[in-house]
Structure formats: C-alpha cells, structure tokens
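Take a look at the structure set out below.
The values are calculated or read from the model by the stated rules, or taken from the named source; none is laboratory data. Here the structure is a predicted model, which is why all the values come from computation and not from measurement. Please note: Cβ atoms are built from the backbone with ideal geometry, for glycine as well, and neighbour counts cover all protein chains shown. Heads up: the accessible areas ignore ligands, DNA and RNA and are worked out on the full protein's heavy atoms, side chains in. Shrake-Rupley method; radii C 1.70, N 1.55, O 1.52, S 1.80 Å.
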Amino acid sequence: MFSIRHCIAWAISLFALMFMPSVHAQTTYAYSVSLTIAAPTGSSAAAASKVKTLPASLKFSPCEASALDQFAFTVKYDAGKQGTATPTTPDTRQNVYLIFHKDGSAYFPLVRQSLTNITNAFFKSYASPLNILPTDTYTSASNNLGGVQTEVILGGNLTVQGLDSGIWLITAIVAPESTVNFDDPATWSAWDTTAFMLRKPWKGTTSSTCE
C-alpha cells in the first residue's frame with residue numbers, strides 16, 4: 001500500500017506535469033519533386049514505343065524524318081509554403097531548378113522570369129555544374145505559390161530535333177538559394193532525375209544529331 005507521503009509526492013508530480021510547458025518536436029518540411037516524360041501521339045517516339053526491337057527502358061526517339069520528334073516533360077514539386085502572420089508560421093519556400101544535361105558535356109538550366117522581363121524563359125549553358133548560378137531558377141522562392149504544383153515544362157510538347165544524339169538527363173532540384181551547390185546533392189532538399197535517348201546511346205560521328 002502507498003503511504004500518505006507517497007500519495008502526496010505523486011499528487012505534486014502530477015500537478016507539475018499539468019502546468020509544465022509542452023515541448024513539441026521540431027519537424028522539417030517535406031519537400032518533394034518528381035519528373036515524368038511522355039511521348040505525344042503522332043511523334044516518332046510514340047511510334048517507336050510499339051516496336052519491340054527498340055529501347056523500352058527509357059523514353060526513346062529514333063529521330064525519323066517522317067514524324068516529328070517531340071516529348072512532353074512534366075515536373076511536380078512541393079518546394080515549401082508561404083509563411084503567415086496569424087497564426088505565425090515560418091516561410092519554408094525554396095528555389096526549384098531544372099537542368100538538362102548531355103553525356104558529360106554541357107549543363108543547361110532552364111531559367112524562368114516574370115512576364116515583365118523580355119527574356120521570360122531561356123536556357124543557359126555551362127561547362128560544369130559548379131558554374132551554375134544559384135539565381136538560375138526554374139521557380140524562385142519568391143515566385144513559389146507554395147504547396148504541390150504540377151507543371152508541363154514550357155507549356156506543352158517540345159521538339160527535340162536539332163539536339164545531339166545520345167542520352168539526355170533532366171534533373172529537378174529543390175534547394176535554398178543561399179546554400180545550394182550543384183555538385184553536392186547533400187545541399188539539395190529534394191531532387192529527381194529522368195532520362196531520354198535520341199537516335200542512339202551516344203553522339204558518335206554518324207548521324208550525331210536528332211533531325
């Protein structure tokens with residue numbers, strides 16, 4: 001049996017717990033990003049997907065002159081949310097980057113700006129990922145609406161004719177502008193990479209472009 005002293009001590013402990021400030025575990029925002037590639041109906045890539053002797057493990061265009069070589073690229077991302085004053089919540093928005101890359105050669109970040117800027121969307125070219133600027137954003141934190149966003153890149157099907165033959169990669173990155181290092185995934189809050197192939201697995205010297 002509990003003694004009176006034990007009962008009093010238990011009651012005091014319970015009283016202290018009731019009025020102790022609650023401690024909440026600090027959680028980090030669940031950033032995410034994903035990429036998908038579709039071969040539009042009527043494109044040579046769509047026709048090639050039905051031929052069992054051609055590559056099927058990634059999106060592939062044989063670069064045939066008889067049909068347009070096009071792909072549709074879609075990015076889905078959650079790069080944070082805007083902060084609020086009531087109730088007080090921090091702003092967790094970060095930048096979103098989209099970088100096209102080919103066989104150890106150049107890196108092409110897709111940069112979007114507001115409609116008040118003459119060059120609203122354009123590709124920049126760098127020889128190394130270390131040269132990519134933190135301001136080369138697809139969506140800057142200040143222009144991020146917050147929450148999950150799904151966008152078809154540049155609004156629709158994109159013609160790939162004129163690009164080098166070989167395997168191309170697209171990488172989407174969610175990262176804070178102040179600390180992002182494009183050669184160090186440890187500085188990225190979320191990222192995804194997908195690939196597509198034009199004509200053959202490498203550029204080579206014969207038919208080295210998709211046309």
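Some notes on this structure:
- A viscosity of 0.692 mPa s and a temperature of 37 °C, combined with the Kirkwood radius over Cα pairs in Stokes-Einstein, give a translational diffusion coefficient for the chain of 162 µm²/s.
- With the charge dipole of the chain set up from +1 on Lys and Arg Cβ and -1 on Asp and Glu Cβ about the Cα centre, the Cα lying farthest toward the positive end among the listed residues ASN131, SER44, SER142 is that of SER44.
- 13 Å beta-carbon shell around PHE60, net charge (K/R +1, D/E -1): +3
- Neighbourhood charge, 13 Å Cβ-Cβ cut-off, centred on ALA72 and excluding it, Lys, Arg +1 and Asp, Glu -1: -1
- All other residues whose Cβ lies under 15 angstrom from that of TYR138 are scored, Lys and Arg at +1 and Asp and Glu at -1, for a net of -1.
- The chain - percent of accessible surface contributed by carbon and sulfur, probe 1.4 Å: 60
- In nm, spacing of pseudo-spin labels at TRP202 and ALA30 (7 Å Cα→C-beta vector): 4.4
- Rounded to 10°, Cα long-axis angle of helix 4-19 versus longest principal axis of the chain: 40
- Surface exposure of the chain, expressed per residue as accessible area with a 1.4 Å probe, stands at 60 Å².
- Scanning residues 5 or more positions from LEU158 or on other chains, those with amide H under 5 Å from its amide H are PHE71, ALA72, PHE73, with H placed 1.01 Å from N in the peptide plane.
- Total charge dipole magnitude, the chain, about the Cα centre, Cβ charges on Lys, Arg, Asp, Glu only, Debye to nearest 20: 400
- Computed log₁₀ I(q)/I(0) - Debye formula, equal Cα scatterers, no solvent, region 33-89, q 0.15, 0.25 Å⁻¹: -0.54, -0.97
- For region 42-53, 3J(HN,Hα) per residue [Karplus equation, 6.51 cos²θ - 1.76 cosθ + 1.60, θ = phi - 60°, Hz, x = Gly/Pro]: x, 7, 5, 5, 5, 5, 5, 5, 9, 9, 5, 7
- Extended-chain gain in nm, criterion 0.36 nm per residue less alpha-carbon gap, PHE123 and ALA106: 5.0 nm
- Across region 55-64, computed HN-Hα scalar couplings (Karplus, 6.51 cos²θ - 1.76 cosθ + 1.60, θ = phi - 60°) run x, 10, 7, 8, 4, 9, 10, x, 6, 8 Hz from first to last residue, x flagging Gly and Pro.
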